[in-house]
Structures are given as C-alpha cells and as structure tokens.
1. Using a 1.4 angstrom probe with every protein chain in place, what is the largest-first accessible-area order of Phe165, Phe148, Phe261?
2. Under the Karplus relation 6.51 cos²θ - 1.76 cosθ + 1.60, θ = phi - 60°, what is the ordered set of whole-Hz ³J(HN,Hα) values for segment 39-54, x standing for Gly and Pro?
3. Could you sort Leu42, Leu101, Leu221 by their accessible area in this structure, using a 1.4 Å probe and putting the largest first?
4. Using protein chains only and a probe of 1.4 angstrom, how many square angstrom of Met99 are accessible, to the nearest 10?
5. Given a 1.4 Å probe and heavy atoms of the protein chains only, how would you sort Cys117, Cys44, largest accessible area at the top?
6. Quick check on packing: order 50-59, 189-198 by the mean number of other C-beta atoms within 10 Å, highest mean leading.
7. Counting Lys and Arg as +1 and Asp and Glu as -1, what is the net charge of the other residues whose Cβ lies under 14 Å from the Cβ of Ala105?
8. Would you mind getting the accessible area per residue of segment 187-250, heavy atoms of the protein chains only, 1.4 Å probe, in Å²?
Amino acid sequence: PGPAASRFPVEIVRTQGEEVIKAQAVEPLSMVRFWTERGLTLSCHIAILLGLIFFAWRHFESPLTGLVVATIHLMLPYCYLLIPYNPLGVGRWEDTWPMALIIWALYWIKNPWISGCLVGLSIGTVVFPVFIIPAWLAFFGLRNSVRFIAAGGATCLLCLACLYFSGFYPSLLPSPDWIAWSQPSAASESIWTIVPWAYRIPFFVLHMVLALLPILRFHHLELSRLLAQSTMVLAGIQWWLADRGGVHVLWFWPLLLLVVFRPSTTKPSSTAELIPELPSTPIKPGNRPSRRGPLGLFTRRRQKS
C-alpha cells in the first residue's frame, strides 16, 4: 500500500515513472518503488552524515565536532520516520535530497563553481531551495556571485530541459498548497485547514523579506552568517506551506545543528586575555572559606600563629 499521495510537485514525476516501471519491470511495482525510494533516501542520509563530518573537519577544523553533529542528527526520530514505507507513512526522498546537496555545496563553499552546480541541481529538482540564493550571493560578494549564478543557472536550466524533453515539465508547476495567495487543496494537511488560509499571505511576505534582506548588505566570506541565514530561510517555508507544514524538518535540521555547534568567531589575541593578571603581593591565608569543592564553606583554614 505505502503512504498516501503527496501534493509535492515531484509527485507527478513519481506517478509517470510508475507507469514506465509497470510496463518494463519484471518484479512487482511495489517492490521496485520500495527499493528505489528507500535506497535513494538512505543514500541521501549517508551523504548528509558524511557532509556534516567533512564540513566540520574542513571549516571548523574539528572532526570531533562533525561526529557530534552527525550523531545528534541520527538521534532525531524524523531520520527514521521520513524513510519510505515506515509506520508514519510520510517518507519521501525529497526530504533528504536537497539538504544532501546543500551540505556538500557548503563543503565546497570556497569554490563558487562547484557550490553553484550543487545548489542549482537542488533548485532544478525540488525548486524550494531557491529562497537561499540571496544569502549565498551576500556571502560570495560581487565577483564570485557571478560565477555562482553562472554555474547554478546552467545546472538548473539543464535539469529543466531534461524534465521538459522527458514530458515531466508540468510537474514543476506548483500546487495550491505552495501558492500563498491561493486556497489550499481540500486534502491538505497543515494548520491552514483550521486557520483561515488568507493569513498565509502576510507570513509569505515576511518570509520573502527575510530571504531578500541579506542581499542588502554583503558579508564577504562570513560562513557563520551564511549558515544562520540559510537555516532561517529554509525553516521559514514551514510558516506558509500548506503541504504538511512543519513536518519537513530535514529541510533545515542539519544546518541548524551546524549553527548550534559552530565555533566562536571571536578569538582572544593572547593567553593574557583569558587569564587575568595575578596580584603582585601574595594573599595571606586567613580564616576564610576554602575553595576545595562544594564543601569549602564548611572547611576553614586555620590562621598561622
């Protein structure tokens, strides 16, 4: 049986792909879809874990931090509940696919060509990572932004061309659940089935303001700000999304972990800033509490006669 049909834009691609598989596959269609989607989902999970470890190793200079972040990522129940054909029944590969590409784009952040290709691939397949583009342009600056846009645009157009010539182009047209100024579909599952859907519009406008705000001030090569802004933008989609809004935690969870565990950007210039100067005159021991553990208040030093 599997989960119910999703209203995500790639659902039409999945439906048309099933028709092709049904005509050519020897095994039952359910088993082919089971192994295909679960294999792709698990591969994306592994790519995310390796990306977190290598990102922390390269940019945080701490592979141990990467192992900690990867471990906490695995502890999240959504990592299991979003696998296809699980008891919750909401598992989709598109929950992990874009984040796997974005994590590795951050790993190659010093090369705008590679980063642009990976981000462009995520936009050309699942569309919604387009909201992080202003933050990345603010990070790269003017010169590198041209390279980033050129690589990402070429990859995205290549994906769209492949979908067009394959007959899957209509699947990229957004559903009412993804259009903030349209009434959600009757089968949508989100808070907007209870709250009047017109209130999605101010949330969408606020989200667009937050997404475009970074481009007003470039912060050249400030990786910590790029992580925070990308996390904020991807998490903000849940505000106005009517397609199971709030369930797609994996769209921003790995980036949120990197924001939490990133090292401090302000480092002391010398050890003297960490350790204050000791007084020049020694302190005479008196009848005052000692500092030997939590019971120091009850153990007083004796005065020398």
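The values are calculated or read from the model by the stated rules, or taken from the named source; none is laboratory data. Bear in mind the structure is a predicted one, so any value in this text is a computation, not a measurement. Reconstructed Cβ throughout: ideal geometry from the backbone, glycine too, with neighbour counts over all protein chains shown. Note: accessible area is taken over every heavy atom of the protein model, side chains too, but ligands, DNA and RNA are not part of it. Shrake-Rupley method; radii C 1.70, N 1.55, O 1.52, S 1.80 Å.
1. Phe165, Phe261, Phe148
2. x, 5, 5, 5, 5, 5, 4, 5, 5, 5, 4, 5, x, 5, 5, 5
3. Leu221, Leu42, Leu101
4. Spelled out: Met99, probe radius 1.4 Å, area about 0 Å².
5. Putting Cys117, Cys44 in descending order of accessible area: Cys117, Cys44.
6. Result, highest mean first: 50-59, 189-198.
7. Every neighbour counted, the sum reads +3.
8. That works out to 50 Å² per residue.
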